[in-house]
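Below: one structure, written as C-alpha cells.
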Amino acid sequence: MGKVRTEQVKRVARELIRRFPDKFTKDFEHNKQVLETVAEIPSQKLRNKIAGYITRLLTLMDSGEPPTTEEVTT
C-alpha cells in the first residue's frame, strides 16, 4: 500500500504549480520556504504535505515517468 494524500493537498499543489511553475524545485526544503511566501497555509503539517506532493510531482515530471492515475495534473 502506498501513502494516501487528501484531495485538498493534491488540488492545492497542482494549482500552485500551475500559478508559479518557476518557483518550485525538486528540493523539499526549498518548496517549504516558497510555500511560506506564496500561500497562507494554516498549519505546518499541511504545508509539509503540500510541499512533499509538489516535490513528488516535479520529480516525476523531470524523470519522464508517466504519472499514475492519482498523480495526473489536470
Counting only residues that are part of a loop (DSSP other than H, G, I, E, B) and touching a helix residue (DSSP H, G or I) at 6+ places or on another chain (Cβ under 9 Å), which one in the range 11-33 is most open to solvent (accessible area, probe 1.4 Å)? K26
State which residue pairs qualify: first residue closer than 15 Å to T59 by Cβ and inside the range 20-32, second residue open to solvent by 90 Å² or more (accessible area, probe 1.4 Å) and part of a helix (DSSP H, G or I) in any location, beta carbons under 6 Å apart, and separation of 6 or more residues or different chains. none
Looking at the range 34-45 only, could you name the residues that are among the polar types (S, T, N, Q) and open to solvent by 100 Å² or more (accessible area, probe 1.4 Å)? T37, Q44
If a residue has to be under 13 Å from the mean Cα position of the chain (by Cα), modelled with pLDDT under 95 and more than 17 Å from E15 (Cβ to Cβ) to count, how many in the range 28-67 make the cut? 2
When the range 36-67 is examined, which residues are found to be under 14 Å from T6 (Cβ atoms) and among the polar types (S, T, N, Q)? S43, N48
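The values are calculated or read from the model by the stated rules, or taken from the named source; none is laboratory data. All figures in this text were calculated on a predicted structure; none of them were measured in a lab. Neighbour counts run over all protein chains shown; Cβ positions are idealised from the backbone, glycine included. We work out accessible area using only protein heavy atoms, side chains counted, and drop any ligands, DNA or RNA first. Shrake-Rupley method; radii C 1.70, N 1.55, O 1.52, S 1.80 Å.
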